[in-house]
Amino acid sequence: MGRSYLQDPFMREVAAAFAATQARIARRFAEVPVEESAAVVDDELRGLYHGLFVIFDGGTALADKGLVQIRSDDGTAFDRFLHEICFSYWPKADA
């Protein structure tokens, strides 16, 4: 166990998010034509990306145990609404 009481539950929640995404990708690949595989990957990665910020922002059951904070090395806390702004940083698809 790490120094923080939240480290283990946080790591389990993140690992579960990745495992669920992996399972959905495998299931969806079996259901769609190969031409749609890139869209499946994009959709699932966007969901995983957003979901990770939801965890950080306190939007999951982990928040019942406590809140994880992200801080820069000078101690400044990141915003608590990263899941709301994260897609402004997501790479734009080529038109």
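Only the coordinates and a few stated rules stand behind these numbers; no lab work does. This one's a predicted model, so the numbers in the text were calculated from it and none came from an experiment. Here the Cβ is made from the backbone with ideal geometry for all residues, glycine too, and neighbour counts use every protein chain on show.
Tell me the trypsin sites (Lys or Arg not before Pro) within the stretch 21-95 that lie in a loop according to DSSP and have at most 10 other beta-carbon atoms within 10 Å.
Values: sites: ARG24, ARG27, ARG28, ARG46, LYS65, ARG71, ARG80, LYS92; in loops: LYS65, ARG80, LYS92.
Taking the stretch 21-95 and a limit of 10 other Cβ atoms within 10 Å, the loop trypsin sites (Lys or Arg not before Pro) found are LYS92.
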Alpha-carbon Rg with Dmax, taken over the chain, Å: 15.9, 49
The stretch 33-54-the stretch 64-95 distance, computed between alpha-carbon centres (Å): 19
For the chain, built as a Gaussian network whose Cα springs stay under 10 Å, the top-fluctuating residue of GLY59, GLY75, GLY51: GLY75
Long-range tail of P(r) for the stretch 1-53 (Cα pairs > 12 Å, %): 68
In nm, spacing of pseudo-spin labels at ASP42 and LEU67 (7 Å Cα→C-beta vector): 3.5
Helix 7-31 vs. the chain, principal-axis angle (Cα, 0 to 90°, nearest 10): 10
Nitroxide proxy distance, nm - points 7 Å out along Cα→Cβ at ARG28 and TYR49: 1.3
Virtual paramagnetic centre 7 Å along Cα→Cβ of ALA93, amide N under 18 Å, in the stretch 29-54: 29, 32-50
